[in-house]
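Notes follow once the structure below has been shown.
The values are calculated or read from the model by the stated rules, or taken from the named source; none is laboratory data. These numbers were taken from a predicted model, which means no experiment stands behind them. Don't worry about glycine lacking a Cβ; one is built from the backbone with ideal geometry, like all the others, and counts go over all protein chains shown.
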Amino acid sequence: MTRPDGAAIVAALRRLLPADGAVVTEPHELARYEQGWRYGSGKALAAVRPSSTEETSRALAFASAHGIRVVPQGANTGLVGASTPDASGDMLVLSLERMSRTLEIDAVDRTVVAAGGVLLSQLEAALAEKGLMFAIDLGADPTVGGMIATNAAGTRVLRYGDTRQSVLGLEVVLADGTVLDLMAPLRKNNTGLDAKQIFIGTTGVFGVVTRAVTSQVAGSSRTTTLSVVHATQTASPVATIPCGPPQMRGDVVTASVAGSTRSTVPFA
């Protein structure tokens, strides 16, 4: 395989992705794609910024056909240096930052269809309007695709699990440009292999997540009245605590406050 030189590669990429700013090569513009949030730094040949699954497919197919290495990148907020190029100057950074326009919420089923470049802050703001929230809570502002690729967890992991627990379906572009549609929004699906699991927590090595269907949970801003009453007496409620719906566990009432189990009132 004869690989074209850098200038020819960039020119070909600009023909494939003709939109203004879709291919970044200027050193001062490349800097933010080459330096990690805390760790990791390198030098990229170019940063490719597709705005659709089709453009992502074209870019990856071109890179595969010409033996060009690619590192996928979301918001570049990771702390392990996995989203930056090496020092060779031969790699392409595939940034999904332009793929942030798809965000469809089904408040009844508590599901969301989001593009891989949608930021966590975007998702949270849209869900809050529907009385919902995403189970993952992080200090950074990563993309949906980045959270799936790294199987992010966060401060609510003990209650809701990691990102894998919220993923119902995926759309993924493989290294050769093949698009896999695994977007079935079902909480249980036994039709064939559960292939989406291959792409969760594997940092984009097997494919780039361009869309996802995720499950959501009820927001924690509702107010529930807990009545504390002795078993042999009747009385009015003694406290109103902002929390999620209380749950009975034997002779104990447990209520969630701000997404965590905090209030436990024994019945005795």
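Against the definition (assigned to a strand (DSSP E or B), touching a strand residue (DSSP E or B) at 6+ places or on another chain (Cβ under 6 Å) and either over 21 Å from L103 (Cβ atoms) or at pLDDT below 95 (or both)), how does T214 come out, yes or no? No. Within region 155-164, identify whether any single residue is β-branched (V, I, T), modelled with pLDDT under 95 and assigned to a helix (DSSP H, G or I), and answer yes or no. Yes, that holds for at least one residue. Go through region 192-205 residue by residue and tally those that are in a loop (DSSP other than H, G, I, E, B) and loosely packed, with under 14 Cβ neighbours inside 10 Å. Of the residues in region 192-205, 4 are in a loop (DSSP other than H, G, I, E, B) and loosely packed, with under 14 Cβ neighbours inside 10 Å.
Filtering region 64-111 to residues that are of a type in the set (G, A, S), in contact (Cβ under 8 Å) with a residue 60 or more places away in the chain and either surrounded by 17 or more Cβ atoms within 10 Å (Cβ to Cβ) or not assigned by TED's automatic domain parsing to the domain that holds L17 (or both) leaves G74, A75, G78, A82, S83, S95.
If the requirement is being among the β-branched types (V, I, T), more than 16 Å from the chain's Cα centre (by Cα) and crowded, with 24+ Cβ neighbours inside 10 Å, which of these qualifies: T143, T56? Please lay out each step first, then the result.
Working: T143 fails: more than 16 Å from the chain's Cα centre (by Cα).
Criteria check complete, one pass: T56.
Considering every residue within region 5-22, establish whether at least one is touching a Lys or Arg at 6+ places or on another chain (Cβ under 7 Å), closer than 30 Å to G139 by Cβ and without any contact (Cβ under 8 Å) to a residue 40 or more places away in the chain. Yes: region 5-22 contains one or more residues that are touching a Lys or Arg at 6+ places or on another chain (Cβ under 7 Å), closer than 30 Å to G139 by Cβ and without any contact (Cβ under 8 Å) to a residue 40 or more places away in the chain.
Going by what's in this entry, would L168 be described as part of a strand (DSSP E or B) and more than 29 Å from A22 (Cα to Cα)? Show your work before the answer.
Working: part of a strand (DSSP E or B): yes; more than 29 Å from A22 (Cα to Cα): yes.
Against the criterion (part of a strand (DSSP E or B) and more than 29 Å from A22 (Cα to Cα)), L168 qualifies.
Tallying residues that are in a helix (DSSP H, G or I) and in contact (Cβ under 8 Å) with a residue 40 or more places away in the chain within region 120-146 yields 5.
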